[in-house]
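Report on the structure given below.
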Amino acid sequence: MENELPKRKNTRLKDFDYGNSGAYFITICTRGMMCVLSQIVKTNDEITTSERNIFENNRPTDNSVGEGLAPPAYSEYKTHFKPCGEIVKEQLSLIETRFKTVTVEDYVIMPDHIHAIIFLQRDEETGGASPSPTLNDVVCAFKSFTSRICKQRFGIEQIFQRSYADHIIRDREDNETRRRYIYENPMRRYYKYLN
């Protein structure tokens with residue numbers, strides 16, 4: 001009797017062209033959720049527990065943008081990059097150099113994962129001579145370069161999990177929801193581990 005490996009679930013939409021022009025929200029996790037990328041710190045001690053409670057009690061329930069009360073100082077929750085996080089930041093900034101039709105609109109480098117909004121623009125001018133990259137091409141190149149440098153400098157064999165999660169951004173409201181999620185992520189992480 002042969003031992004068969006379990007089949008991996010395909011996380012991509014069937015019959016969707018991930019080379020289409022559009023915006024994509026991606027999440028890339030470190031292997032084993034290692035906290036090697038950053039550390040979340042609060043830089044302003046004036047934000048009180050009562051202010052936090054006001055935000056939590058007025059959080060929108062439908063994930064809408066602009067509804068509810070925003071916390072007094074999102075920007076006071078910062079990600080301080082560890083050495084591997086610095087490499088991730090550098091490689092994110094190089095995506096637009098490597099792929100002329102790709103823009104990284106927003107991102108956050110959390111301790112054990114990365115969220116980013118990536119915009120692909122299909123290059124119609126090349127006539128197929130130099131095809132535009134797919135989302136997978138962009139993510140794989142980013143992960144490959146980052147992993148190679150982290151291995152060379154710090155001896156980390158495999159920094160990222162094998163795959164990544166994506167969400168196709170469908171409209172402006174969806175984009176704003178994802179951007180807000182990126183912006184709030186350090187604050188949520190800080191309070192999650194505070195309790």
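The values are calculated or read from the model by the stated rules, or taken from the named source; none is laboratory data. As the structure is a computational prediction, the values presented were derived from the model and not from experiment. All Cβ positions, even for glycine, are placed from backbone atoms using ideal geometry, and neighbour counts span all protein chains on display. In case anyone asks, the SASA skips ligands and DNA or RNA and just uses the protein heavy atoms, side chains included. Shrake-Rupley method; radii C 1.70, N 1.55, O 1.52, S 1.80 Å.
Near ALA23, within a Cβ-to-Cβ distance under 14 Å, what is the net charge of the other residues, with Lys and Arg +1 and Asp and Glu -1?
Numbers: positive: ARG122, ARG170, ARG172, ARG178, ARG179; negative: GLU105, ASP106, ASP166, ASP171, GLU173, ASP174, GLU176.
Counting the neighbours of ALA23, the net charge comes to -2.
Once amide H atoms are built 1.01 Å from N in the peptide plane, which residues 5 or more positions from HIS113, or in another chain, come under 5 Å H to H?
Those qualifying (amide H under 5 Å, at least 5 residues apart or on another chain) are THR30.
Taking loop as defined by DSSP and a crowding limit of 14 other beta carbons within 10 Å, which GluC sites (Glu not before Pro) in the stretch 88-190 fit?
Details: sites: GLU90, GLU96, GLU105, GLU124, GLU125, GLU157, GLU173, GLU176, GLU184; in loops: GLU157.
Passing sites in the stretch 88-190 are GLU157.
Need one number: nm distance between label points at ARG153 and ARG122, each 7 Å from Cα along Cα→Cβ, rounded to one decimal.
3.7
Leaving ligands, DNA and RNA out of it, report the carbon-plus-sulfur percent of the accessible area of the stretch 79-177 at a 1.4 Å probe. All intermediate terms of the calculation are to be shown ahead of the outcome.
Working: 2530 of 5320 Å².
With neighbouring chains kept in place, the figure for the stretch 79-177 is 48 percent.
So what are the ³J(HN,Hα) numbers for the stretch 139-144, from phi and the Karplus equation (6.51, -1.76, 1.60; θ = phi - 60°), rounded to whole Hz, Gly and Pro as x?
Once rounded to whole Hz, the list reads 5, 5, 5, 4, 5, 5.
Could you please put SER21, SER38 in sequence from largest to smallest accessible area, using a 1.4 Å probe? Don't jump to the answer; show the numbers that get you there.
Numbers: SER21 60, SER38 0 Å².
The residues order as SER21, SER38, largest area first.
Under 12 Å from the Cβ of ILE156, count the other residues' Cβ atoms, weight Lys and Arg +1, Asp and Glu -1, and hand me the total. List each step's numbers first, then the result.
Working: positive: ARG31, LYS82, ARG148, LYS151, ARG153; negative: GLU157.
Residues close to ILE156 contribute a combined charge of +4.
With θ taken as phi - 60° and the coefficients 6.51, -1.76 and 1.60, list the Karplus ³J(HN,Hα) couplings across the stretch 23-31 in order, rounded to whole Hz; mark glycine and proline as x.
9, 10, 9, 10, 10, 10, 9, 6, 5
All other residues with a Cβ under 13 Å from the Cβ of TYR183 taken together, and with Lys, Arg as +1 and Asp, Glu as -1, what is their net charge?
Numbers: positive: LYS78, ARG178, ARG179, ARG180, ARG188, ARG189; negative: GLU76, GLU105, ASP106, GLU176, GLU184.
So the environment of TYR183 carries a net charge of +1.
Among the listed pairs LYS143/LYS192; LYS78/LYS100; LYS82/LYS151; LYS78/LYS143, which have their C-alpha atoms separated by more than 18 angstrom in this model? Walk me through the intermediate numbers first.
Working: LYS143/LYS192 27 Å; LYS78/LYS100 30 Å; LYS82/LYS151 15 Å; LYS78/LYS143 23 Å.
In this structure, LYS143/LYS192; LYS78/LYS100; LYS78/LYS143 exceed 18 Å between Cα atoms.
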